[in-house]
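This report concerns only the one structure given below.
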Amino acid sequence: MARILIAEDDCRVSSFLERGLRASGFSTVVADDGERAQALGRTDDFDLLILDLGLPEKEGLCVLQELRSRGKMLPVLVLTGRRDRDAATCLNQGADDYMTNLAADTPARSAYGLDGQPEARQEPATPTARRPVNGDDPHAGWRTAFAVVLLTDIVDSTAREVAVGDRAWRELRDRHDRAAHESITRRGGHIIRHTGTGPLATLSEPWAALESAVDFVAEMAEGDLPVRAGMHAGVIETLDDGDVSGVTVNIAAQVHARAEPNEILVSRTVRDLLFGSQLTFVDRGELQLKGLDGAWRIYAVAP
């Protein structure tokens with residue numbers, strides 16, 4: 001299965017792309033800032049990078065330049081709301097294609113971009129998404145349900161990988177993933193996918209998600225491996241391949257991104273669902289969600 005890295009900070013756009021690509025049989029990972037996109041792009045885990053130019057932390061053009069300067073031949077499709085004046089610059093810097101419109105066929109065109117890989121990386125043609133016709137249900141194969149979405153990762157993973165070396169880093173990452181898997185599945189949760197630096201999981205109950213995160217973060221702290229966790233609860237969409245998408249997933253990712261080392265952050269929704277418990281939540285202020293109107297209050301779980 002071809003894997004596509006989507007570097008996009010607008011959750012509405014990334015969710016739209018994920019739906020179309022996954023319906024076409026692709027696996028996707030979203031990076032919502034330039035630093036994360038660059039770190040993931042350096043790996044050999046992806047077959048295509050869909051790159052927005054207006055990313056936080058690091059501009060998309062800088063990400064492209066960095067990858068090409070390191071000899072990374074990962075095919076890059078620049079997909080941006082900017083006008084065509086940037087097209088020549090991006091193509092000269094090594095982009096394989098440049099698109100400015102989010103038309104209904106964008107997922108299919110993105111998938112078709114795989115056919116334009118450099119010759120050494122060409123793969124067999126892959127079926128693309130199609131528009132629903134004659135009453136077809138565009139959501140066929142999707143299931144919706146309420147769930148708590150939990151994400152964890154190792155703090156400063158890129159710097160740590162460089163500091164300890166590839167072999168030691170793989171051991172640390174495997175240790176992190178095993179502990180997370182045990183803590184989550186023991187409480188009935190499911191590991192949906194790995195985001196590149198940690199797992200994304202779903203659980204049916206907020207207390208189970210929080211217990212999993214508390215135990216996991218404490219275990220890693222005892223082993224001198226700082227991690228962080230974040231979660232949000234709401235309706236998710238589950239595809240036939242078992243992956244999940246939707247606004248709830250994007251909000252959980254943004255909450256998680258604000259967590260400090262050895263910290264668990266939750267949205268107000270999760271805090272409210274746990275009203276009456278013996279847990280203490282510390283107000284961490286408002287989070288302006290990328291791609292969504294308004295601000296959401298977030299809370300840290302007190303030790």
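Coordinate-derived values only; no laboratory data. Keep in mind it's a predicted model, so treat the numbers as computed, not measured. Note: ideal-geometry Cβ built from the backbone for every residue, glycine included; neighbour counts use all protein chains shown.
Mind checking the full-extension length gain between Ala168 and Gln288? Use 0.36 nm per residue of separation minus the Cα-Cα distance, one decimal, nm.
Value of the extension gain: 39.5 nm.
Quick one: net charge around Asp243, please, counting Lys, Arg +1 and Asp, Glu -1 for every other residue with C-beta under 13 Å from its C-beta.
+1
Compute the length gained on full extension between Arg193 and Asp241: take 0.36 nm times their separation in residues and subtract their Cα-Cα distance, giving the result in nm to one decimal.
16.2 nm
Starting from the Cα of Ala218, step 7 Å along the direction of its Cβ; do the same at Glu260; then give the gap between the two resulting points in nm.
Simple spin-label model gives 2.0 nm for this pair.
Residue separation times 0.36 nm, minus the C-alpha to C-alpha distance between Ser69 and Asp45: what's the value?
The span from Ser69 to Asp45 would gain 6.8 nm if fully extended.
With the radius of gyration and the Kirkwood radius both derived from the Cα set of the stretch 143-301, what is their ratio Rg to Rh?
0.96
Report ³J(HN,Hα) in whole Hz for each residue of the stretch 170-183, in order, from the Karplus equation J = 6.51 cos²θ - 1.76 cosθ + 1.60 where θ = phi - 60°; Gly and Pro get x.
Going residue by residue, I get 4, 5, 5, 5, 5, 4, 4, 5, 5, 5, 5, 4, 5, 5 Hz, with x marking Gly and Pro.
Between Ala295 and Asp272, what FRET efficiency follows from the Cβ-Cβ distance if R0 is 25 Å, with the result rounded to 0.05?
After rounding to 0.05, the efficiency reads 0.95.
Which distance in nm do the two modelled labels at Thr144 and Cys62 give, with both placed 7 Å along the Cα-to-Cβ direction?
Using points 7 Å along Cα→Cβ, the separation is 3.9 nm.
Taking θ = phi - 60°, what integer Hz values does the Karplus form 6.51 cos²θ - 1.76 cosθ + 1.60 yield along the stretch 258-264, in sequence order, with x for Gly and Pro?
Per-residue couplings from phi come out as 8, 5, 8, x, 6, 10, 10 Hz.
Just the Cα atoms of the stretch 216-303: what Rg and Dmax do they give in Å?
Computed over the Cα atoms of the stretch 216-303, radius of gyration and Dmax are 14.0, 40 Å.
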